[in-house]
Amino acid sequence: MKGIILQTGVALAILGVLVAMSAGLIWLERRLLGLWQDRYGPNRAGRLGLLQVPADMIKIFTKEDWAPPFADKPVFIAAPAVIMVTVLLSFAVIPFAPGVAVADLNIGLLFFLAMSSLSVYSIVLGGWASKNKYSLLGALRASCQMLSYEVFMGLSLMGVVMLAGSFNLRDIVEAQRDLWFCVPQFAGLIIFLVAGFAESRRLPFDLPEAENELVAGFHVEYSGMKFGMFFVGEYLGIILISALITTLFFGGWLGPVLPPVVWFFVKTFAFICWFVLIRASYYRPRYDQLLSFGWKVMLPLALLNLAITGGVVLAAGR
Amino acid sequence: MVSLLKAMWIIFLHMFRKRETILYPEQKPYIPPRWRGRIILSRDPDGAERCVACYLCAAVCPVDCIALQATQDEYGRRYPEFFRINFSRCIFCGFCEEACPTYAIQLTPDFEMCEYKRPNLVYEKEDLLISGPGKYPDYNFYHVAGLAIKGKEKGEAENETPPVDIRSLLP
Amino acid sequence: MAVIYIDNKPYEVKEGQSLLNACLSLGFSVPYFCWHPELHSVGACRQCAVKQFRNESDTRGFIIMSCMTPVEDGLCISIDDPEARQFRASIIEMLMLNHPHDCPVCDEGGECHLQDMTVMTGHVRRRTRFPKRTYRNQDLGPFLNHEMNRCIQCYRCLRFYRDYAGGRDFNVFGIHQRLYFGRYEDGKLESEFSGNLVEVCPTGVFTDKTFMKHFTRKWDLQTAPSICVHCSVGCNTIVGERYGTVRRILNRFNREVNGYFLCDRGRFGYEFVNSELRIRRPLVRDARTAEAQPANKAAALKRVAQILRKTPGLIGIGSPRASLESNYALRKLVGPDRFFAGVSGAEQRLITAILDSMRKPSVLSPSLQEVERADAVLLLGEDVPNTAPRLALALRQSVRVRPMTLADQLCVPRWMDHAVRLVVHDARGPLYIATPYRTRLDSLATKTLRGAPDDIARLGFAVAHELSTDSPAVAGLSEEAQSLAHEIAQALQGASCPLVMSGTGCGSMAVVQAADAVARSLRKTGRPAMLSFIVPECNSLGLGILGGGSLEDAVERILKGDAHNLIILQSNLFRRLDRETVEEVFEKIEHVVVLDHVANRCVERADVVLPSATFAESDGTFVNNEGRGQRFFQVMVPQGDVQASWRWIRDIADALDKGELAPWTSLDDLIADMAASVQRLKEVVRIAPAADFRMTGMRIARESHRYSGRTAVTAYVSVHEPKPPQDDDSPLAFSMEGFQGHVPPAVIPRFWSPGWNSIQAVNKFQSEVGGPLAGGDPGIRLIEPMENVEKGQEGAIVPEPFRPRTDACLLVPLFHVFGSEELSMLSPAIAEAAPEPYVGLSPEDADRLGLRDGNTVAVRWDETELTLPAKIMDDLPGGLAGLPHGLPGLSGFVLPRWGKIRAK
């Protein structure tokens, strides 16, 4: 009984921390972008513009909750919920520290892959239900992009799995006690990074919403908190990918002196910042470039990495 | 590949640069004289309204925020009966100023015209009309136009000959 | 057909036309000024220069004026040749030497042919430094503004005004570079077609003075196709609206009806729509003597329902100035046997006779264009220039048809205008005019006859008898009249397209019958014959088709006590019946409901007044004097509670819980109902596209694509832009959003084409320049001769000759183009041009009574006495006196009638 309460407490705490982080990320990203673009970013609401987050939240909660009359109402409303649910569920398998995880699943990595595949439904349904040509185009792009990048995302992780010999994320972290996988699986890391950007639909891979061409892509017709959920979903996605990079390639909570959970968050935070830096640095590729890059470069690379890793593991005789 | 990393590195280094932002209400920026801000209607050097209500500003306005009605005084001088600009729609593109054949409508460097109520952004002629000639101090449309008005008969404009005597048979 | 080569590409064109005509028809943009599709070529402006090559090997070529070059097979030209372009650009530059820096203050700006042509030729910068020539302007009256500085000396105004429209008081003065187009002194232009100078002048020398008072650029006008309501010709017009008021009327080209020109009454008579006298809200009066109180729509309708429920016996009086639809709606509400046409018995009989005549076999009622092509004309008893001015302009052209053959013999193309006029000179085809008093066409007439209506009819019958002995002989005809009749008969028989024209103008049934007899006799001789009647108002024939008793019948019903309630549709009874009779009706009747748009005496006496829409605020159909049904479309959303009369009638039916009588929600419903129940109107459905018609899925925009001020017009009321009003009755939209290109001819809201902002853009809408509109001219003839109905000439009795009385004069109506029509008189400009009331006396009678011009006389009959200044009309036959029709104070009686005249 006590275990269940503790477990629930941990789960709720993780949920709270995640949502708070994603909200804070809005401020963080804008400040960081400002920093890298020689300007301030939000600096009027409160000290350093910190009250921008509550202000944005008040705004987004008090906006008219409106659905266009031509939309497919139930699907239109369900879509933003799907993204929140799938992304949050993915966090269930992330070990923040020894014992601090919602579920200790032995197929944790597969669960993550499954959930991230499901999240595309949110976008496709949202774009479809909006009955807007831009939304539909955005949704089409999203599904196509996810489909293409999911393939080698999974493949890129198989190297890690082979090295660790487990799908369980806790085991994978434990397997890095001697050497972080970012060294033996450097190619896998790069491939996963690219795929991770594509999965979280962040610049340079934000083609589904590409403001310049598609207005706002799949969420053109969304406003108020429904839009907010897409928004939060995107930031949660950043955290998720950063947390996974940390877990899979950078030793998770492992680190000297500081408590494990602090290590975990420090590493994750670094990758989040790096996400923002990428956004500040790169332009968006053309759609066909994106796809041909995925299929013609990344997929062979991932296969190669898999084959070499497999070969090395075989040769090492394990 | 290297260029990608280089780009990221350059952007990263911008962290240590000076910020370009001018913190506006505390620091006032320099506004050039040809800034496209609040629209005004100017007057001729002799003090009469310059606008002849030709409708070109209204026609060229991409957001259709100018409405006016032409009328004329007893001597044939045209002027707008009303002239309305809905600044809540105006995009300050300056097309109206470019279209204006009499330099009547001009954009000024004043942009601080926020209102809490949108109706307050609807400016009528009395709100728009200033008492001077604005940017073009010497221009007077009626001094180059052929139309006769009070105080300027036919043939009295610049570069005009006196009216033709149609009864003359001289070559 | 000939093949010509333009810039090395072959094109098939009709042989014999001018090259300019051909190029424009093919869609090339060749600039021009002096050429006009109706006034043809004179080669004065040198603007339409192109290069001609002798043959394929010729590379140098030579510059020609395309307007003066006939199309020949194998003609090889270049429009795009650099030298030709340069030539045209320098012509423009020269024309612009003295053109003032005026466009912003010029009313033509934005629809100026000179602007268009300057842009087309690419002249952008003034190079000369020499001073500009100036002129003093003239005051040309209430219609036109004169700004001579802008003139480019193309001579179009003169050619239209003098050569085409026959005006005498306008000319060119001065010599060399000092040419001046104007009158010899200030004053109103006398021709009733002067307004066309606005459209004919390629620049802003002549502009619309009524438009100047509320000036708006062309692109800012909300426009819709409309039909003129000021006479029975039914000219097609474009009505422009801005800020809720009608701003101007422009000609809407319809080859079959008005072509390129309108009369001034039609062009300047529109201001009644904006009149102070307009009724904008329903008025309710509790008792006859009480002050009328403005009421809202619901309250007014409640009161109407209350009135109509209380006492049975409702009758309705229709109107010849209301649309077919409104009249039909009223007829449906009250029942056909209780519906009365709002015209006097005399007029009703004339209209019926005319309708019967039009349906008799073989003789066609001609369109206005066919009138222009008639080569012999007999005009019986109608003062056409004053009752149907546009038809008079057509008659002016018809006298040139016969002499034109002279030009053909000399192989001068007909479009070579100056040469043709030199050849034709003063030669005129046969035109015989028999009217009680002088008309402005008399100067063109071969012979004229002045006489009382009966004498005119006798002449007609005599001609008919000369043509065919089936027609009754006329006894006791004078030698002179007999020889005239013989001459006329000869002329008509010798013509290939003879035309007989008459009308209701003298109010004489004998005249109408005589005209009918002439046409039928002519037909019997095997000649094609055309018979055209002029009727009093814009929808007189339409109302005639709907039938119903006359006003006298209605009065009888009321006085008999058979009717207690009366609905009057857009009709001022005080203009149509004797004043005493109407007073009697108002005494007797219990309740009167009036639907009208302007205040008049009927409105003052009504229990409930419902504000009905004018032609500019509603859609509907008129039937013109040719029998052509034409649709007019709503231009603007009316202010206040104003709505179309038929909608009021529907609302009344609903208020009475008799919705089944008026189950229409849109005009199309009503038209379908009308077409189904009135056999003769079944074609009305086809006149114009129905409300669900769409061009590429869009409605047709009433506003131009450059309509301005959308977000500022109503901003002072509310900064939130209102939703554009819906239009359930037509395929047009009250918006700039919608289809802007070429639409079916019946719904063309304006003529505009890229690069062609002036009215000349009509070239682009025609199947060939000067030809019918692409897609066919709008309007459908509702009255065609029917072969199986032979009515013969029963009832056509030759009247006795007119015998003057010594104690009284026969008062005949004198028509005035400005003044005789009710609605246009509410326009200040028309009212200014209208004459003061007078009585016209023949010299004999004036001598007998010892009167001189200007003396005050009393005219009296029954209880009525009018005190008027006398005017001696030296050609009025003795025994006749004329009273101007419809002038203020001169309505409320039916003419002709005998009246006693004495000095006062």
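Burial annotation for the stretch A:15-50: residues with an accessible-area loss of at least 20 Å² between the isolated chain and the complete set of protein chains, computed on heavy atoms with a 1.4 Å probe, are A:Leu35, A:Trp36, A:Asp38, A:Arg39, A:Tyr40, A:Arg44. Using a Gaussian network model of chain B in which every pair of alpha carbons under 10 angstrom is joined by a spring, one finds that among B:Pro101, B:Pro32, B:Pro80 the greatest mean-square fluctuation is at B:Pro32. For the stretch B:1-110, GluC sites (Glu not before Pro) meeting the loop criterion (DSSP other than H, G, I, E, B) and having at most 11 other Cβ atoms within 10 Å: B:Glu20, B:Glu26, B:Glu74. Stretching C:Arg349 away from C:Thr806 to a fully extended chain increases their span by 161.6 nm, per 0.36 nm per residue minus the current alpha-carbon distance.
Would you work out the charge dipole size for chain C about its Cα centre, treating the Cβ of every Lys and Arg as +1 and the Cβ of every Asp and Glu as -1, and quote it to the nearest 20 debye? Could you put the intermediate results ahead of the total?
On the way: 104 positive and 110 negative charges, 384 e Å.
Charge dipole, chain C, about its Cα centre: 1840 debye, nearest 20.
Over chain B, accessible surface divided per residue gives 57 Å², non-protein components excluded, 1.4 Å probe. Distance between the modelled labels on C:Ala858 and B:Ser3, one decimal in nanometres: 10.9 nm (7 Å Cα→Cβ projection).
Rolling a 1.4 angstrom probe over the protein heavy atoms, how many square angstrom per residue are accessible across chain C?
Working: 32090 Å² over 904 residues.
Value for chain C: 36 Å² per residue.
For C:Ile317, the residues whose modelled amide H falls within less than 5 Å of its own, excluding neighbours fewer than 5 places apart on the same chain, are C:Phe340, C:Ile567, C:Ile568, C:Leu569.
At q = 0.04, 0.07, 0.09 Å⁻¹ the log10 of I(q)/I(0) for the protein assembly as shown amounts to -0.38, -0.89, -1.21, computed by Debye summation with a single uniform scatterer per C-alpha, solvent ignored. Among the residues of the stretch B:6-38, which ones have their accessible area go down by 30 Å² or more when all the protein chains sit together, as opposed to their chain alone (1.4 Å probe)? Listed by number, the residues meeting the 30 Å² cut-off are B:Met8, B:Ile11, B:Phe12, B:His14, B:Met15, B:Arg19, B:Thr21, B:Leu23. Taking B:Pro62, B:Pro119, B:Pro109 in turn, the Gaussian network model of chain B (Cα-Cα springs below 10 Å) assigns the largest fluctuation to B:Pro119. Calculated mean residue ellipticity, 222 nm, chain B: -3500 deg cm²/dmol, from DSSP H runs (n ≥ 4) at -39500 (n - 2.57) each, averaged per residue and rounded to 500. Across the stretch C:128-144, computed HN-Hα scalar couplings (Karplus, 6.51 cos²θ - 1.76 cosθ + 1.60, θ = phi - 60°) run 6, 10, 6, x, 8, 6, 10, 9, 8, 8, 10, 8, 9, x, x, 9, 10 Hz from first to last residue, x flagging Gly and Pro.
Extension gain, C:Ser90 to C:Glu604: 0.36 nm times the residue separation minus the Cα-Cα distance gives 178.6 nm.
Check each residue of the stretch C:695-733 and keep those whose accessible area, probe 1.4 Å, is at least 10 Å² smaller with all protein chains in place than in the chain alone; give them in order of residue number. Listed in order, they are C:Arg706, C:Ser708, C:Gly709, C:Arg710, C:Thr711, C:Ala712, C:Val713, C:Ala715, C:Tyr716, C:Val719, C:His720, C:Glu721. Compactness ratio for chain C: Cα radius of gyration over 2.2 N^0.38 Å (N = residue count) comes to 0.97. Taking a point 7 Å from the Cα of C:Lys658 along the Cα-to-Cβ direction, the residues of the stretch C:553-576 with backbone N closer than 14 Å to it are C:563-568. Can you compute the label reach from C:Lys524? Point 7 Å from Cα along the Cβ direction, backbone N cut-off under 20 Å, restricted to the stretch C:333-375. Once the point is set 7 Å along Cα→Cβ of C:Lys524, C:354, C:356-365 turn out to lie under 20 Å by backbone N, inside the stretch C:333-375. For the residue pairs C:Lys297/C:Lys723; C:Lys302/C:Lys332; A:Lys131/C:Lys297; A:Lys63/C:Lys723; C:Lys188/C:Lys764; A:Lys73/C:Lys723, the alpha carbons lie more than 32 Å apart in A:Lys131/C:Lys297; C:Lys188/C:Lys764. Note on C:Glu832 and C:Ala427: the extension gain reaches 142.2 nm, defined as 0.36 nm multiplied by sequence separation minus the Cα-Cα distance. Considering only A:Gly99, A:Phe76, A:Leu35, whose Cα is most displaced toward the positive end of the charge dipole of chain A, charges sitting on Cβ of Lys, Arg (+1) and Asp, Glu (-1)? Comparing the listed Cα positions along the dipole, A:Leu35 ranks first.
Taking each residue in B:83-96, count the Cβ atoms of any other chain within 10 Å of its Cβ, then average. What number comes out?
Details: counts 1, 6, 4, 10, 3, 5, 6, 2, 0, 0, 0, 0, 0, 0.
Going residue by residue through B:83-96 and averaging, the value is 3.
Computed per residue of chain A from DSSP H runs no shorter than four, each worth -39500 (n - 2.57), the mean residue ellipticity at 222 nm is -22500 deg cm²/dmol. Placing pseudo-labels 7 Å out from each Cα toward the beta carbon at B:Ile22 and A:Glu174 gives an inter-label distance of 6.3 nm. Each of C:His425, C:Ala662, C:Leu849 was placed along the dipole of chain C (beta-carbon charges, centred on the mean Cα), and the one lying farthest toward the positive end is C:His425. Ranking A:Leu258, C:Ala616, C:Cys157 by Cα position along the charge dipole of the protein assembly as shown, where only Lys, Arg, Asp and Glu carry charges on their C-beta atoms, puts A:Leu258 farthest toward the positive end. Around the Cα centre of the stretch C:2-96, unit charges on the Cβ atoms of Lys, Arg, Asp and Glu (plus for the first two, minus for the last two) sum to a dipole of about 220 debye.
What FRET efficiency, computed as 1/(1 + (r/R0)^6) with R0 = 60 Å and r the Cβ-Cβ distance, is obtained for C:Ser718 and C:Arg902, rounded to the nearest 0.05? Plugging the Cβ-Cβ distance into 1/(1 + (r/R0)^6) gives 0.40. What the Cβ-Cβ distance of C:Thr245 and C:Thr289 gives, at R0 = 41 Å and to the nearest 0.05, is a FRET efficiency of 0.75.
Run through the DSSP bridge list for the stretch C:809-903 and note the antiparallel percent, rounded to the nearest 5.
Percent antiparallel among DSSP bridges in the stretch C:809-903 is about 65.
Computed about the Cα centre, the dipole magnitude for the protein assembly as shown is approximately 3840 debye when only Lys and Arg (+1) and Asp and Glu (-1) carry charge, each at its Cβ. The simple spin-label model puts a point 7 Å past each Cα toward its Cβ; for C:Asn8 and C:Glu479 those points are separated by 7.8 nm.
Calculated FRET efficiency, C:Arg60 and C:Thr405, Cβ-Cβ r, R0 60 Å, to nearest 0.05? So, using R0 = 60 Å, E works out to roughly 0.90. Given in Å, the Rg to one decimal and the Dmax to the nearest whole number for the Cα atoms of the stretch C:746-904 are 23.8, 68.
Computed from backbone phi, the HN-Hα couplings of the stretch C:866-882 come to 10, 10, 9, x, 8, 9, 7, 10, 5, 10, 6, x, x, x, 9, 9, x Hz, rounded to whole numbers (Karplus: 6.51 cos²θ - 1.76 cosθ + 1.60, θ = phi - 60°; Gly and Pro given as x). Residues within the reach of a label modelled at C:Thr696 (point 7 angstrom out along Cα to beta-carbon, backbone nitrogen below 19 Å), restricted to the stretch C:715-738, are C:731-738. For the segment B:146-155, counting C-beta atoms of other chains within 10 Å of every residue's C-beta and taking the mean gives 5. Take C:366-373, C:68-75 and order them by the average number of nearby Cβ atoms within 10 Å per residue, most first; the result is C:366-373, C:68-75. Using only helices, what value at 222 nm comes out for chain C when you add -39,500 (n - 2.57) per DSSP H run of length 4 or more and divide by the total residues, to the nearest 500 deg cm²/dmol? Value at 222 nm, helices only: -7500 deg cm²/dmol.
Could you look at the protein assembly as shown and say what percent of its accessible area is carbon and sulfur, using a 1.4 Å probe and all protein chains?
Details: 32270 of 55970 Å².
Within the protein assembly as shown, the accessible surface is 58 percent carbon and sulfur.
For the stretch C:206-221, backbone phi angles converted through the Karplus equation (6.51, -1.76, 1.60; θ = phi - 60°) give residue-by-residue couplings of 10, 10, 6, 6, 5, 5, 4, 5, 9, 5, 9, 6, 4, 5, 8, 7 Hz, Gly and Pro being listed as x.
In this structure the amide hydrogen of C:Val377, modeled in the peptide plane, comes within under 5 Å of the amide hydrogens of C:Leu431, C:Tyr432, C:Leu499, none closer than 5 places in sequence on its chain. Note on chain A: with a GNM built from Cα contacts shorter than 10 Å, the maximum mean-square fluctuation among A:Val102, A:Val120, A:Val75 falls on A:Val75.
Out of the DSSP beta bridges found with both residues in chain B, what percent are antiparallel (nearest 5)? Bridges in chain B that DSSP calls antiparallel: roughly 95 percent. For the residues of C:175-181, the average number of beta carbons from a partner chain within 10 Å of their own beta carbon is 4.
Interface of B with C. Using a 1.4 Å probe and counting protein heavy atoms only, the two chains hide about 3900 Å² of accessible surface, both sides summed.
Solvent exposure of chain A amounts to 44 Å² per residue of accessible area, where only protein heavy atoms count and the probe is 1.4 Å.
Of all DSSP beta bridges located in the protein assembly as shown, what percent are antiparallel, nearest 5? Of the beta bridges lying entirely in the protein assembly as shown, close to 60 percent run antiparallel.
Partner aspartates and glutamates whose Cα lies under 13 Å from the Cα of C:Lys9, excluding those fewer than 8 positions away in the same chain, are identified as C:Glu56, C:Asp80.
The values are calculated or read from the model by the stated rules, or taken from the named source; none is laboratory data. Being a predicted model, the structure only gives us computed values, none of them experimental. Neighbour counts run over all protein chains shown; Cβ positions are idealised from the backbone, glycine included. Just the protein is used for accessible areas: all its heavy atoms, side chains included, with ligands, DNA and RNA removed. Shrake-Rupley method; radii C 1.70, N 1.55, O 1.52, S 1.80 Å.
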